[in-house]
Structures are given as C-alpha cells and as structure tokens.
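Structure record follows, encoded as structure tokens.
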Amino acid sequence: MAQEIERAFIVDRHHLPNLEGVPYASIQQTYFTPYPSDPRYPEVADGEWRVRTTFHHRGAGENEAVATVKFGDKASGSRTEIEASIGNIAFGTCDGDIGRYGQAEVQKQRFFLPDGSTLDHFDVRRHGKLWLLEKEFASQAEADAWQPPDYCSTTQVAPKNRELATPIGQRAMSHEAIIGKPWAQVLHEVNQERKRTGQVLVTISGFSGSGKTTLARQLAEEFDAPLISADDYHIGAKALEERTGSVNHDRPEAYDIAQAARDAQALANGQIIHVPQYDFATAEPRAEQRVIKPTSSRVVVLEGLYAYWAFGSHGQQATYRLFVNTPFYASVLRRLQRDVQVDGNDHDPNQRQISMSSEEALQYLHNVALPTYIKNCAATKPWFDNDNYTWFNAWVQSAKQ
C-alpha cells in the first residue's frame with residue numbers, strides 16, 4: 001500500500017496567485033465509517049470510507065466519483081490510502097445512503113496549479129473564506145526539501161479536511177436497519193415456525209462482508225443450532241476455471257449449493273454430516289473435513305452469498321429466510337478488514353488470509369464482486385423492502401449496461 005506524504009498550508013487569501021485560466025473542479029466529499037470499527041485489527045480499525053464526487057469545470061475529465069479507503073494515522077506517517085474510481089450508485093454511496101449513513105461532508109473548489117499542488121477554496125457558508133494549499137510528494141526527503149509559496153503561512157497549522165467536515169444525519173447500523181425487522185421479531189418468528197413445522201431451515205444471505213456470519217452465529221447460539229457456511233462448499237479455483245472459463249469467486253457456480261442444502265436437511269433430520277473446508281489462501285478445498293453434529297433444537301442455519309438458493313431449487317424448502325442489507329461501502333470495509341494480510345505475524349486465527357494486497361482486493365470488489373452480485377441477486381427481490389427496492393433496481397439496470 002502506498003504511503004501518503006502530503007503537506008498542507010493555510011493561504012493568505014489577500015495574496016492569492018492569479019487563477020485565471022487555471023483548471024478547477026467542484027468537489028463534494030462525504031465521509032463514512034465502518035459499522036462497527038473492529039478493535040481486533042488495529043491496523044485497519046480506524047479505517048474510513050471517503051467518497052469524493054468531482055465535477056471538472058476546465059481541462060480534460062468528466063464527472064467522476066472516487067472511493068477512497070484510508071487506514072492508519074497520518075501524523076505518524078503510517079496512514080495508507082486505497083483509491084478506486086466508482087460509479088455514483090456503487091458501494092451504497094447513492095444520495096439516499098449518504099443521507100442515511102454519511103457522517104460528515106466537505107464542499108470545496110479545487111484549483112490545479114502547474115507545479116502539481118492544489119488550492120482548495122472551501123464552502124463560504126460553512127468555513128468562511130478559507131483557502132488551503134496542498135501538495136503530495138513521492139518521498140519524505142522531497143517533502144522536507146519543498147518550500148511553500150510566499151502566500152502560505154508556515155506558522156499556522158492547516159486544519160485537516162476531516163476536521164472541516166460538517167456533520168450530516170446518520171442512521172445507526174442495527175439489526176433492524178440491515179434486515180428490516182427487530183432482532184426480537186426474528187427470534188419470535190423462527191420459534192413460531194419451529195412450533196408449526198417441527199424443524200426450521202434458516203438461510204442468511206447478503207453481499208460479501210455484510211455481516212451474514214455474525215448474524216448466523218447469533219441465531220445459532222440463540223437456538224443451540226448447528227451452523228453451516230456456504231463458503232466451505234466452494235469448489236476451488238481450478239475446478240471453477242474448468243467449468244466456467246474464469247476464476248470469479250463471487251458467482252453462484254463457485255459453490256456447491258446443492259450439497260449444502262442436502263447437508264442442512266440431513267442435520268435437521270438428526271444426522272451427522274461431514275463438511276468440506278475451504279482454504280482462502282490457496283483458493284482450494286482442504287483435504288480434511290469438519291464433523292457437524294445435529295442438536296435437539298431442529299433448527300439449522302445456513303449462511304452464504306447465495307444461501308437463498310440452497311432450498312426450493314434443490315428439492316427442499318427453506319422455512320425462514322433473512323437478507324442482510326448492509327450498505328456496500330460498509331461491506332467493503334469489513335471485507336478488507338477481514339481478508340487482507342497485514343504486517344506482522346500475530347494474526348487473529350479467525351481472520352481470512354487471501355493472496356491479495358489491499359489495492360487488489362478493492363479493485364476485485366469493484367470490478368468483479370459487485371457486478372457479479374448485482375447480476376445474480378435478482379432472486380432476492382421478494383426480500384427487499386420498499387425503501388431499498390429503488391436502489392436495487394438502479395443496481396440491476398447499471399449491471400445490464
């Protein structure tokens with residue numbers, strides 16, 4: 001991950017350089033934070049999702065939205081930054097999600113100076129007549145040797161953009177927000193279904209990193225129920241490429257959903273099952289299997305990207321379905337926190353190690369995982385509430401273009 005080396009200075013607005021003909025852009029920058037921040041991974045626990053929408057007024061370029069994930073502390077020199085251009089609807093950063101989940105916002109005009117530095121003029125209504133000059137450097141030595149222009153103050157400390165951000169309405173991430181109903185209602189409905197049918201096969205579906213596993217564990221613990229993860233039924237990269245011609249781990253064909261359904265039904269019927277195990281580092285199934293025993297609860301929980309396909313289409317019928325509707329930006333942060341290898345050897349044993357850098361993981365999520373999920377999640381339409389159906393349709397339409 002590339003380290004960000006940057007210098008910022010407060011500008012004397014009475015001695016600004018001549019900006020006539022200088023290319024500039026209008027920028028709206030919205031800040032999001034993980035839900036929740038995970039203290040187990042201090043390297044990324046303070047990660048922040050920043051979405052910058054830029055409108056270029058002069059020079060080359062068109063409107064663009066850029067997603068930036070920032071980790072670490074800038075003051076200590078440990079901060080890293082991962083950036084990817086995105087569409088306005090991608091990663092849950094449409095206008096509706098900004099209003100509901102955004103923490104703060106900055107509005108400014110940015111002038112691009114010939115020496116590579118930028119002059120930012122912040123929104124007068126919010127920040128008065130504040131101007132800041134910023135410049136990025138390729139090395140620490142280059143940054144130390146650079147002298148700012150005379151119109152910059154070297155005695156005042158320039159405020160950070162994050163400090164200048166104006167708070168906006170934020171909706172707390174909760175069970176009710178991401179599954180559309182209170183957790184107590186879910187427990188009641190599962191229990192009622194168990195009384196009615198004698199056994200309950202529960203599926204928990206949603207985008208990668210949406211919190212499916214966390215909810216599944218909570219539900220399994222509540223009912224003393226065995227838990228199956230569809231990830232364990234991944235057929236492996238080699239088999240996937242042979243069958244489909246590509247290695248796209250986020251397509252339904254990557255998982256043996258039919259076998260997961262048979263195993264879940266067997267557990268519900270009181271049988272012991274042997275579940276395969278998937279190695280995320282090698283992208284192949286392991287030789288050993290894991291034994292899962294049934295419980296007297298007659299409740300079985302199956303969670304996975306396309307877990308809702310496990311029953312019905314394979315001869316069984318799930319008696320209770322949950323769809324986890326976490327905003328995409330939060331899912332991406334969680335997946336980066338969970339999957340990407342970090343420096344040092346003291347890793348949490350529950351952390352999934354994959355052979356990708358943070359940049360590669362973000363690009364994969366944007367270029368492969370998200371479009372694949374949009375294309376294939378149409379089967380989840382019945383489980384979307386009205387509030388989410390509008391942007392779900394937008395995602396589907398964008399995937400078809």
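Just so it is clear, none of the values below were taken in a lab; they were calculated from the coordinates. All of these numbers come straight from a predicted model, not from anything done at the bench. Heads up, the Cβs are rebuilt from the backbone with ideal geometry, glycines too, and the neighbour counts pull from every protein chain shown.
The shape of segment 139-198 comes out prolate: with a ≥ b ≥ c from the C-alpha gyration tensor, a/c is at least 1.5 and a/b beats b/c.
Summarising the label geometry, the points placed 7 Å from Cα in the beta-carbon direction at residue 124 and residue 282 lie 6.6 nm from one another.
About its Cα centre, the dipole of segment 126-235 is roughly 560 debye, where the only charges are +1 on Lys and Arg Cβ and -1 on Asp and Glu Cβ. Please work out whether segment 145-273 counts as rounded, prolate or oblate from its C-alpha gyration tensor, where a ≥ b ≥ c are the square roots of the eigenvalues and a/c under 1.5 means rounded, while otherwise a/b larger than b/c means prolate and anything else oblate? Oblate shape, in that a/c is at least 1.5 and b/c is the bigger or equal ratio. Residue separation of residue 174 and residue 247 scaled by 0.36 nm, minus their Cα-Cα distance, works out to 22.9 nm of gained length.
Each label was represented as a point 7 Å from its Cα along the Cα-to-Cβ direction; for residue 199 and residue 57 these points are 6.8 nm apart. Counted residue by residue at 0.36 nm each, then reduced by the alpha carbon distance between them, the extension gain from residue 191 to residue 20 reaches 54.6 nm. Length gained on full extension, residue 221 to residue 271: 16.1 nm, using 0.36 nm per residue less the C-alpha separation. Calculate, for residue 150 and residue 363, the FRET efficiency according to 1/(1 + (r/R0)^6) with r their C-beta to C-beta distance and R0 51 Å; round to the nearest 0.05. That pair, residue 150 with residue 363, gives E of 0.80.
Please report the net charge: other residues with Cβ closer than 13 Å to the Cβ of residue 133, K and R +1, D and E -1. Working shown, then result.
Values: positive: 7, 13, 108, 110, 135; negative: 6, 12, 115, 120, 134, 136, 150.
Neighbourhood net charge equals -2.
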